[in-house]
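What follows is a single structure, written as structure tokens, with notes after it.
Please treat every number below as a calculation from the coordinates, not as lab data. Here the structure is a predicted model, which is why all the values come from computation and not from measurement. Backbone-built Cβ (ideal geometry, glycine too); neighbour counts: all protein chains shown.
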Ligand SMILES: NC(=O)c1ccc[n+]([C@@H]2O[C@H](COP(=O)([O-])OP(=O)(O)OC[C@H]3O[C@@H](n4cnc5c(N)ncnc54)[C@H](O)[C@@H]3O)[C@@H](O)[C@H]2O)c1
């Protein structure tokens, strides 16, 4: 029987985060979801029967307080999934306002950093090792016009994954990322209904022919956090139906 772990999933009230939380809970882990959307957080935590912490990941003091509360209530954190992100703000290079670009970087880069730093300090102090999985994007490696602000934030997440992996390895903490292509979250399904031109345009770029399900991403996250991935650190694993091959 494997050990019950305490797992923190940021952005757990959203489409992919909910699925990730569900996957860990199904394995018998103690899951805490954190999100800045209080109403969605309470709803999803209630539906899944998991713990909840309302935090804005860009507020380092809030993040540190939440980590302390989680440890007090649920025990040392074994797994961190940095999934919270801003993904709906886009614009062409000659048009995207600097302030919009700054807000993308604030959440996706600095927010991910704040949570990683707080949890890494806790894991190192506890001395039990641990696993961190970041939710990046294949956009970090393959450009789509109009999406460069978001994509460059995820390139920074990839670099942060490697940075954290080398520095945290001596503490027995593995750090990896999953890099999804477009994922069929409820939000995306609404904006790109089946049969729409937008859906067909994305599907035509994917060799396996369909967008990822949220469960496809969750399965990869669960694997990278598992003992089965015990010798894997610093990698960014595409979950993209082969899109990066095209
Ligand atoms: N949906 C896709 O096609 C896709 C593809 C590749 C990567 N991703 C990545 O997957 C992750 C989850 O995306 P999703 O599609 O589920 O989006 P989503 O908007 O449904 O979920 C994101 C969640 O993060 C939370 N959040 C945002 N900013 C926050 C902050 N400052 N503090 C705390 N919580 C915050 C939101 O409230 C939301 O619940 C993101 O990092 C995104 O970049 C998504």
> What order do you get for 129-135, 195-201 when each peptide is scored by the mean count of other beta carbon atoms within 10 Å, highest first?
Replying inline: 129-135, 195-201
> Can you give the relative contact order of the range 68-143 as a percent, counting alpha carbon pairs under 8 Å and 6+ residues apart?
Replying inline: 48
> With springs only between Cα atoms under 10 Å, which of 39, 219, 21 fluctuates most in a Gaussian network model of the chain?
Replying inline: 39
> Applying 1/(1 + (r/R0)^6) with R0 = 41 Å to the Cβ-Cβ distance of residue 128 and residue 215, what FRET efficiency is obtained, to the nearest 0.05?
Replying inline: 0.90
> For the pair residue 27 and residue 100, how long in nm is the line joining their label points, each one 7 Å along Cα→Cβ?
Replying inline: 3.8
> How would you rank 174-185, 137-148, highest first, on the average number of other Cβ atoms within 10 Å across their residues?
Replying inline: 174-185, 137-148
> Quick one: if you stick a label point 7 Å off each Cα along the C-beta vector at residue 39 and residue 205, how many nm between them?
Replying inline: 3.2
>> Could you tell me the extents of the range 6-238's C-alpha atoms along the three principal axes, largest first, rounded to whole Å?
In response: 50, 35, 35
> Tell me, what is the FRET efficiency for residue 4 and residue 197 to the nearest 0.05, using R0 = 51 angstrom and their Cβ-Cβ distance as r?
Replying inline: 0.65
> Got the relative contact order for the chain handy, in percent, Cα pairs under 8 Å and 6 or more residues apart?
Replying inline: 19
